[in-house]
Amino acid sequence: MTPTRDHVPLASLFLVFFRVGLFSFGGGLSGWIYREVVTLRGWMNDDDFFSGLALSQILPGANVTNLSVYIGQRLRGPVGAVCALTGLVIGPFFAVIALATAYAQIATMPWIQDAMSGAAAAAIGLLLIVALKGAYGASRKLVPFLILMTTFVAVGLLQWPLVPVVLGLAPVSIAFAWWKASSDA
Amino acid sequence: MRENVLWSLIAVFVPFSLVSIGGGPSIFAGIQHQSVEVHRWVTAREFVDLFAIARAAPGPGSMLVTLLGWKVAGWTGAIVATLALFIPSSLLCYGVTKMWNHYRGRHWHTALEAGLAPIGAGLILAGVFAVFRIAGAGILSWAVAGIAAAVLGWRPTLNPLILLAAGAVAFAILHDGL
């Protein structure tokens, strides 16, 4: 499917996650990672990415750090996982401390806070387009689309706890995929 | 004394790392309790400030612990707290994804992957709403996000930094008026 993935250079892997980590404000990180890894570079396909994303969210730990470990491991094994994770965290590590140091000054300049909120809102747009793309991809098949919408309504609108929702829906969704694959074969 | 502080950072954050199911937000309340009431590393007011800073800064919101470590024991504290929070969960995740990728190609693995994919996509969509709810976003936020998404749908390879900069400018100019 993705013949180039054995040749993904470690430096590229590190740099991609470094850039995502440093420039992603306000929670749009998964959207940005999707764009870099799937849309721009074709290192993975959609199912690879979205199933890894679901895994990352069920496991303990920050979702994006788990996703970086998943992608790094998938592309380049243990060294790849270390590269992706380090790349993701090292920029924000210094940025967050720098911001804390300058916080007293920034608090007196409200336009800076407005600007940061604006960047964060645009970052959500990045996440939104990935979500819509996933929804569109699933909409051609009825059951996956229903599963997607149920997940969204339960976790997003009703604010039910994520883990029980995923653990409840996963068996249904997986059983359907199993049945579908068997009947197609 | 200083060593004791580093050890307590580890003792507090390693367990949180392993129970933070669903990511940072699930452990923020517990971290607040430990660092304000139990260990008195920061005051309640300082904690709120650090929380806001971690949200405003790039990277995962759980970088909050980096700031707590930094506040308590400088650069060493920042490094120790960050590693304590990220390494245990990452090791676990590594083990799981290694097994996951090892069985790639098997019939049941294909079914698992195809079954989990729509759930992952649904969680992203839910994440968009959750982020806006936490941020208490108004119409302007939705408009900026919607326009950014539309532009990216039209030009998928556009550098998102351009959009982030445009969003920042739009907010800085318009926010007072809305």
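The values are calculated or read from the model by the stated rules, or taken from the named source; none is laboratory data. For clarity, every value in this text was computed on a predicted model and none was experimentally measured. Cβ: placed from backbone, ideal geometry, glycine included. Neighbour counts: every protein chain shown. For the accessible areas, the whole protein counts, side chains as well, though only heavy atoms, and no ligand, DNA or RNA atoms are used. Shrake-Rupley method; radii C 1.70, N 1.55, O 1.52, S 1.80 Å.
Computed values, structure above
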{"item": "Residue under evaluation residue B:6, criteria (1) without any contact (Cβ under 8 Å) to a residue 12 or more places away in the chain; (2) more than 20 Å from residue A:99 (Cβ to Cβ), criterion not met", "result": "(1)"}
{"item": "Any chance residue B:106 is among the charged types (D, E, K, R), over 23 Å from the mean Cα position of the chain (by Cα), open to solvent by 10 Å² or more (accessible area, probe 1.4 Å) and at pLDDT below 85", "result": "yes"}
{"item": "Which numbered condition residue A:63 misses (of (1) at pLDDT below 85; (2) within 8 Å of chain B (Cβ to nearest Cβ); (3) open to solvent by less than 30 Å² (accessible area, probe 1.4 Å))", "result": "(3)"}
{"item": "Of the criteria (1) at pLDDT below 85; (2) at the interface with chain A (Cβ under 7 Å from one of its Cβ atoms); (3) farther than 20 Å from residue A:71 by Cα, which one residue B:149 fails", "result": "(1)"}
{"item": "Check on residue B:141, assigned to a helix (DSSP H, G or I), over 22 Å from residue A:47 (Cα atoms) and in contact with a Leu (Cβ under 7 Å, 6 or more places away or on another chain)", "result": "no"}
{"item": "Residue satisfying condition, being at pLDDT below 80, more than 8 Å from chain A (Cβ to nearest Cβ) and within 19 Å of the chain's Cα centre (by Cα), within set B:136, B:177, B:127", "result": "B:136"}
